[in-house]
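Worksheet for the structure shown next.
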Amino acid sequence: MRINKVFLPAIAGVVAVGGFLAVTAARHAERVMRVDFDKVVRVTSPAYDARLAPVVDAPIKEFRIPIKDATLEIAKGVTYQGWTFGGTVPGPVIHVRVGDLVRVTVINNSPMPHSIDFHAARIPANKAYRMIMPKDSVQFEFVAKDAGAFMVHCGTPPVTMHLMQGMYFPFIVDPKNGWGTRADKEFVLVQSEFYAKPGETGKVGVLLPATPDWNAEQTKNASQVVFNGRAFQYKENTLKVDVGDRVRIFVVNAGPNFESDFHIVGAIFDRVYPDGNPSHALEDVQTYHVPAGGGAVFETVFAKDGSGEGLYPFVTHSFADAEKGAVGIIQVGEPKNAHMDH
Ligand code: CU
Ligand code: CU
């Protein structure tokens, strides 16, 4: 394999280590950053790590992305046999900057054909996004020209099936000179739906995995609507920020079918960048929709004299979907007797 060196800084799961290595990389003016997502797997326990690691300076970024089947936990106690990029749903979080050369190698280690589709790339789709047979791989490169929160997904027909099985991940592109304001904390949230029949109790009394429900998908009757692959995971494992923090959230909606009406209860977005163009900022927004296959960048400040210490649920304000799992909590500071009725 051509790309085999693991370079840790791009991985949010190892923020402390990454921070140290990023400094080292800058000092030595590394030009190429390499990440092998077979070796560096996104942390998903106790919750998918929603933190976004800072972008690394290296202008060339190489990613080796394995496609593999994996057992997921799509809701507490509900397992599901998924198809994945990198062994998790969503797959890895990739963070680059406008102007970076992005080199991609995708290896299909699963028993059926798949493919990859980077919404952030301007590239001939018939070449880069061709079918990858089992044990085959595809390689291509592109320059990231557009800032934003982008979706990457498998495009093998029927695409809806490959999406409901978990084949997507977020690709974050920072503007060349940053977002204009410094954020104290950055998070990535990918909204998506599962269409799963509950598992039955097996012979030895074990609950069997939930199974794909194609008819439910075709009638858009989701069983779970989730942020980062598991229903309600951020209610217990809150996203923690400090009083006064400016928080930037990159929201990607992987669908396959629903819109995300992103909202934080108790806060206002002082900026929203639809699709991520920093010159198209909307100001003072309560809720903003992210279409299936789209992304947007949200910013809010948890200021002491406003949305200060306390708990703030983030939801899709399409509430039938929130009730199926698309709700989590941002914890600001260390509120006493923290309890949420909402
Ligand atoms: Cu696929
Ligand atoms: Cu697409």
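No lab work stands behind these numbers, since they all come straight from the coordinates. Just so it is clear, the structure is predicted and the values come from calculations on it, not from any experiment. Cβ sites come from the backbone with ideal geometry, for glycine too, and all protein chains shown count toward neighbours.
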* Longest exposed-site-free window of the chain, the sites being trypsin sites (Lys or Arg not before Pro) in a DSSP loop that have at most 14 other C-beta atoms within 10 Å -> 221-303
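Please state the shape class of the range 214-327: rounded when a/c is under 1.5, otherwise prolate if a/b exceeds b/c and oblate if not, all from the C-alpha gyration tensor. Could the numbers behind the result be given before it?
On the way: a/c = 2.50, a/b = 1.46, b/c = 1.71.
Judged from the Cα gyration tensor, the range 214-327 comes out oblate (a/c at least 1.5, b/c at or above a/b).
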* Can you sort D305, D242, D38 by how many other beta carbons sit within 10 Å, fewest first? -> D305, D242, D38
* **Listed pairs K76/K336; K39/K197; K176/K235; K235/K324; K39/K220; K127/K176 exceeding 24 Å between Cα atoms** => K76/K336; K39/K197; K176/K235; K39/K220; K127/K176
* Asked: Which FRET efficiency value, to the nearest 0.05, do you get for K176 and V204 by plugging their Cβ-Cβ distance into 1/(1 + (r/R0)^6) with R0 = 45 Å?
  -> 0.20
* To do: Please order D136, D100, D275 by the number of other Cβ within 10 Å, starting at the fewest.
  => D136, D275, D100
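Can you give the longest run of the chain that contains no GluC sites (Glu not before Pro) sitting in a DSSP loop with at most 14 other Cβ atoms inside 10 Å? Before the final figure, lay out each step's value.
Details: sites that count: E200, E323.
Longest site-free region, per DSSP loop and neighbour criteria: 1-199.
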* Asked: Hey, what's the Cα Rg ratio for the chain versus the globular rule of thumb, 2.2 N^0.38 Å?
  -> 0.96
* **Whether the range 74-141 is rounded, prolate or oblate, judged on the alpha carbon gyration tensor where a/c under 1.5 counts as rounded** => oblate
* To do: Pop a pseudo-label 7 angstrom from the Cα along the beta-carbon direction at both K220 and L282 and give the gap in nm to one decimal.
  => 2.0
* Structure fact -> A chain fully extended from K235 to F319 at 0.36 nm per residue, minus the present Cα-Cα distance, gains in nm 28.7 nm
* Hey, what number do you get for the chain at 222 nm if only DSSP H runs of n ≥ 4 count, each worth -39500 (n - 2.57), divided across all residues, to the nearest 500? -> -2500 deg cm²/dmol
* Read phi for every residue in the range 160-176 and hand back ³J(HN,Hα) as whole Hz from Karplus 6.51 cos²θ - 1.76 cosθ + 1.60, θ = phi - 60°, with x for Gly and Pro. => 4, 5, 5, 6, 5, 8, x, 8, 7, 7, x, 10, 9, 10, 7, x, 3
* Asked: Mind checking the dipole of the range 241-342: about its Cα centre, +1 per Lys or Arg Cβ, -1 per Asp or Glu Cβ, Debye to the nearest 20?
  -> 160
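If you rank L282, L52, L163 by fewest surrounding Cβ atoms within 10 Å, what's the result?
L282, L52, L163
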* Please list, in chain and number order, the residues 5+ apart from D69 or on another chain whose amide H is under 5 Å from its amide H, with Hs placed from the backbone. => T84
* For the chain, size of Cβ-based charge dipole, Lys and Arg +1, Asp and Glu -1, in debye -> 1220
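Could you tell me the calculated FRET efficiency between K135 and V41, based on Cβ-Cβ distance and R0 = 25 angstrom, to the nearest 0.05?
It comes out at approximately 0.75.
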